[in-house]
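> Okay, handing you the structure first.
The values are calculated or read from the model by the stated rules, or taken from the named source; none is laboratory data. Fair warning: this is a prediction, and the values are worked out from it, not measured in the lab. Reconstructed Cβ throughout: ideal geometry from the backbone, glycine too, with neighbour counts over all protein chains shown.
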Amino acid sequence: MSAICVYCASGPVEQRFLDLAADLGAALATAGHTVVSGGGNISMMGALAESARAAGGTTVGIIPRALMEREVADLGADELVVTETMRERKRLMDDRADGFITLPGGIGTLEELFETWTAGYLGMHDKPVVLLDPFEFYAPLLGWLSDLRGQGFVSRNALDRLLVAESVPMAIRFATAR
Ligand code: AMP
């Protein structure tokens, strides 16, 4: 069984995105995987963690002290780790995970996606980096990156390091295959 770190939105978003996070949380839990997340209990982060626990799963939340109020610290987490800095949060989330799945999100999510993706591409870890994108939320970004490849800014190896999944089962399969 694996620990899967999930990056997703912390802001108010449409119901279908909350449902996607909940579906992923439940599916990870049902398959026996631990969910590692940013330790908030709002928006998609909250939907993910609540649903994983409702399905009998284990959740690990890692949150900076300064964000405990703003992101509504997930006090129901099986393990809630409070860090002093954002960098420590990210390092612990990375260390605790065997694989990463990114869902739709804002700049925080994008930053986390790019950091784990880049580190993987540079050989600093060999964990799967998965983008779960059933709604083609990321199509403009992926289109732009493909364009950058044509211009020489991004290599095929870099693009290939990101595994794009269209469904929850596909994302879990990608994230747990090593
Ligand atoms: P967002 O995608 O902007 O809704 O943010 C999603 C999550 O990413 C939230 O838990 C934020 O606290 C977190 N986040 C925001 N900025 C950063 C950052 N620079 N590094 C890591 N995580 C961040």
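> Does the range 82-90 contain at least one residue that is within 14 Å of the ligand (Cβ to nearest atom), of a type in the set (A, V, I, L, M, F, W, C), outside any helix (DSSP H, G or I) and touching a Ser or Thr at 6+ places or on another chain (Cβ under 9 Å)?
No: zero hits.
> I'd like to check which helices (runs of 4 or more DSSP H) are fully inside the range 95-178 and have at least 3 residues that are among the small types (G, A, S) and either within 18 Å of L48 (Cβ to Cβ) or at pLDDT 95 or above (or both). Break it down stepwise before answering.
On the way: elements: 107-121, 139-150, 156-160, 168-176.
Where helices (runs of 4 or more DSSP H) fall fully within the range 95-178 and carry at least 3 residues being among the small types (G, A, S) and either within 18 Å of L48 (Cβ to Cβ) or at pLDDT 95 or above (or both), they are 107-121, 139-150.
> Does any residue of the range 116-129 turn out to be in contact with a strand residue (DSSP E or B) (Cβ under 9 Å, 6 or more places away or on another chain), of a type in the set (A, V, I, L, M) and within 19 Å of G11 (Cα to Cα)? Break it down into steps so the answer makes sense when it comes.
Keep residues of the range 116-129 that are in contact with a strand residue (DSSP E or B) (Cβ under 9 Å, 6 or more places away or on another chain), which gives 116-117, 119-121, 127-129.
Still in the list and also of a type in the set (A, V, I, L, M): 119, 129.
Pick out the ones that are also within 19 Å of G11 (Cα to Cα) and you get none.
Looking for residues that are in contact with a strand residue (DSSP E or B) (Cβ under 9 Å, 6 or more places away or on another chain), of a type in the set (A, V, I, L, M) and within 19 Å of G11 (Cα to Cα), one finds none in the range 116-129, hence no.
> Only one of T30, T34, T58 is out of contact with any Leu (no Cβ under 7 Å at 6 or more places or on another chain), surrounded by fewer than 17 Cβ atoms within 10 Å (Cβ to Cβ) and of a type in the set (S, T, N, Q); which? Before you say what the answer is, go through the steps one by one.
Numbers: T34 fails: surrounded by fewer than 17 Cβ atoms within 10 Å (Cβ to Cβ); T58 fails: surrounded by fewer than 17 Cβ atoms within 10 Å (Cβ to Cβ).
Being out of contact with any Leu (no Cβ under 7 Å at 6 or more places or on another chain), surrounded by fewer than 17 Cβ atoms within 10 Å (Cβ to Cβ) and of a type in the set (S, T, N, Q) holds for just one of T30, T34, T58, which is T30.
> Are any of the residues in the range 49-66 under 21 Å from D133 (Cβ atoms) and out of contact with any helix residue (DSSP H, G or I) (no Cβ under 9 Å at 6 or more places or on another chain)?
No, there is no match, as no residue in the range 49-66 is under 21 Å from D133 (Cβ atoms) and out of contact with any helix residue (DSSP H, G or I) (no Cβ under 9 Å at 6 or more places or on another chain).
> On the basis of being surrounded by 12 or more Cβ atoms within 10 Å (Cβ to Cβ), out of contact with any Phe, Trp or Tyr (no Cβ under 8 Å at 6 or more places or on another chain) and not in a helix (DSSP H, G or I), does E71 make the cut?
The answer is yes for E71.
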